[in-house]
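Chemist: Okay, handing you the structure first.
The values are calculated or read from the model by the stated rules, or taken from the named source; none is laboratory data. This one's a predicted model, so the numbers in the text were calculated from it and none came from an experiment. Cβ sites come from the backbone with ideal geometry, for glycine too, and all protein chains shown count toward neighbours. All accessible areas refer to the heavy atoms of the entire protein, side chains included, with ligands and DNA or RNA removed. Shrake-Rupley method; radii C 1.70, N 1.55, O 1.52, S 1.80 Å.
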Amino acid sequence: RKSSHNSGRLPASARPRPPPPLVLFPMAPGHAVSVEVVAEPEEAGDWAVLEVNAEGFGEGELLLHWGVGKLRVDEWAVGSDAQVKTTPASAHVQGACQALFPPSDAQGCRKIKVEIKGDSGVKGFQFCLHRKPSDWLKNGNTNFLVNLARVQGAKIFRNRMKAALEADAKAKHQVWSCQGAEVAVFASDAGGACNVKALVDSEHDLVLQYGPAGADRRWQSSTRLPLSKVEGTVSEGAVTLEGPECQKYLMFVLHDASANQWLKDGGRDFAMELPAVEVAKFQPQARVERASSKKFGKFVKEAMEEDGEAATMKEWSVGGMDLVVIATPTELECNVHVLVDTTADLTVQYGSAGADRVWKYSKRVPLASMPDQAREAFFSIPAGDVDKHLMFVLHEGAVNRWIKEGNDDFCFELPRHPEWDRLKREEDARRAAEAEKAMAGRAAFLASR
């Protein structure tokens, strides 16, 4: 779920927005649970002040059921009043403490203030929401958990955010919280270009992979930018988008190479709406059309001759290269031959799809070198897996570049062999017979009980 901070332009006289939540937990639509840093220990008489916010849970009785981590962040122990106190006050119950949420404010949010003594040694604050008698609301299968050691990192992150907004009060910005990381992106009109700055608070070394997109939010290109640690756990990166890169949205994801983990906005790529930039003065260089290689044409002709009269072929010219796919049906499978006129090390990622062009599976095959700057790959699709279309993309791993047909995956209508339909009917009949036999055996077993 996205942070409640809205993107937008601030007037020059406006003060920077309040700090983002320390933790924003994903919930079902219409509900939100977050923990916000209200004050640091040095700002509140040696006490850190947090605020637990519950939004969209109605006005019925709702309890904050909580404990603290003393030896470990994820430990559950009962905190003493000298360590932790809440407003409204908490009552001690068996193995925990409970505080009753007050009624909702004007924004429909119910809040409990939590104060933690700075030198108490408390490492974690853990909680869940409870409605009597037996309704427990958690973060999936686990309790909501706040790592208090991250408060300092959050403070640096907020200070960096504040400085960025003071430096350019008109910058459009947006804030997210995902998988333990805080993300902020700033974008401003630079007169025919767009300056973009990313701030990330995470213990990991991350790479920003980004690309421009139109209103449909489909990536038009992809570029990787390693983020550099600037202070504590906070990393930063900046880039200038020019000319056709200044689209409606900047799409991006964060990559943690150490764990090969991709950080996204829930299940989707991050989408930052960019400010409108006047790019009329941008004059792209005239494109030089690339002539097809005669030798590559010879390879294609030879491949078609080898595959026979039953083969079908389709050609593309994309990304400065020529691409040809040849498919030949046999009784038991469909053989596919991919040829690309390039010296780049590429991999073809493919899968079958029906009329809706939705991938049913995904496999990868590297392209092998041919003489005179050409690459090729062969693979076979079993007759039972062949559908109306072959969907595929090309990937250049050295620069992490995905090559598509514009914004869409390549789509090739596969030929069919008359034997496939008979084999499919036989396979369907065999499976139906097996299912009927199993049902008959089950019925006999139940009858004999």
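Chemist: Between Gln179 and Thr343, what is the label-point separation in nm under the 7 Å Cα-to-beta-carbon projection?
Modeler: 3.7 nm
Chemist: Another question, if that's okay. What do you get for Rg/Rh over region 143-186 if you use C-alpha atoms and the Kirkwood form of Rh? Could the numbers behind the result be given before it?
Modeler: On the way: Rg = 12.2 Å, Rh = 11.7 Å.
Using only Cα positions, Rg/Rh for region 143-186 is 1.05.
Chemist: Could I ask something else about it? Between Ser228 and His92, what FRET efficiency comes out of the Förster formula 1/(1 + (r/R0)^6) with R0 = 41 Å and r the beta carbon distance, rounded to 0.05?
Modeler: Once rounded, the FRET efficiency stands at 0.30.
Chemist: If you don't mind, there's one more thing I want to ask. Order Ser362, Ser448 by their accessible area, 1.4 angstrom probe, all chains in place, largest first. Before the final figure, lay out the partial values.
Modeler: Values: Ser362 65, Ser448 95 Å².
Output order, biggest surface exposure first: Ser448, Ser362.
Chemist: Determine the sum of side-chain charges near Val84: Lys and Arg each +1, Asp and Glu each -1, restricted to other residues whose C-beta is under 10 angstrom from that of Val84. Please report the intermediate quantities before stating the final value.
Modeler: Working: positive: Lys85, Lys117; negative: Asp81, Glu115.
Result for the neighbourhood of Val84: 0.
Chemist: How big is the accessible area of Arg431 in square angstrom, nearest 10, if you roll a 1.4 angstrom probe over the protein chains?
Modeler: Counting only protein heavy atoms, the figure is 140 Å².
Chemist: Relative contact order, percent, of region 376-429 when contacts are C-alpha pairs under 8 Å separated by at least 6 residues?
Modeler: 34 percent
Chemist: Using the structure shown, select from Lys111/Lys172; Lys113/Lys138; Lys138/Lys197; Lys111/Lys155; Lys248/Lys388; Lys360/Lys437 the pairs with a Cα to Cα distance greater than 25 angstrom.
Modeler: Working: Lys111/Lys172 29 Å; Lys113/Lys138 19 Å; Lys138/Lys197 34 Å; Lys111/Lys155 21 Å; Lys248/Lys388 34 Å; Lys360/Lys437 29 Å.
In this structure, Lys111/Lys172; Lys138/Lys197; Lys248/Lys388; Lys360/Lys437 exceed 25 Å between Cα atoms.
Chemist: Express in Å², to the nearest 10, the accessible area of His92 obtained by rolling a 1.4 Å probe over the protein heavy atoms while all chains stay in place.
Modeler: About 110 Å², rounded to the nearest 10.
Chemist: Here's a follow-up. Remind me, relative contact order of region 78-231 in percent, using alpha carbon pairs under 8 angstrom and six or more residues apart?
Modeler: So the answer I get is 11 percent.
Chemist: Volume per residue, Å³, of the convex hull around the alpha-carbon atoms of region 77-202?
Modeler: Numbers: hull volume 20.4 nm³, N = 126.
Hull volume normalised by residue count: 162 Å³.
Chemist: Relative to the present Cα-Cα distance, how much length would full extension add between Met313 and Ala82 at 0.36 nm per residue of separation?
Modeler: Separation in residues times 0.36 nm, less the Cα-Cα distance, equals 75.5 nm.
Chemist: I've got another one for you. Considering every Cα-Cα pair within region 56-127, what fraction, in whole percent, is farther apart than 16 Å?
Modeler: Numbers: 1257 of 2556 pairs.
Summing the P(r) tail past 16 Å for region 56-127 gives 49 percent.
Chemist: Express the relative contact order of region 91-167 as a whole percentage, based on alpha carbon pairs under 8 Å and six or more residues apart in sequence. Working shown, then result.
Modeler: Values: 47 pairs, mean separation 14.1, N = 77.
Dividing the mean separation by the residue count of region 91-167 yields 18 percent.
Chemist: Go through 243-250, 76-83 and give me the packing order, highest mean Cβ count within 10 Å leading.
Modeler: Going from most to least packed, we get 243-250, 76-83.
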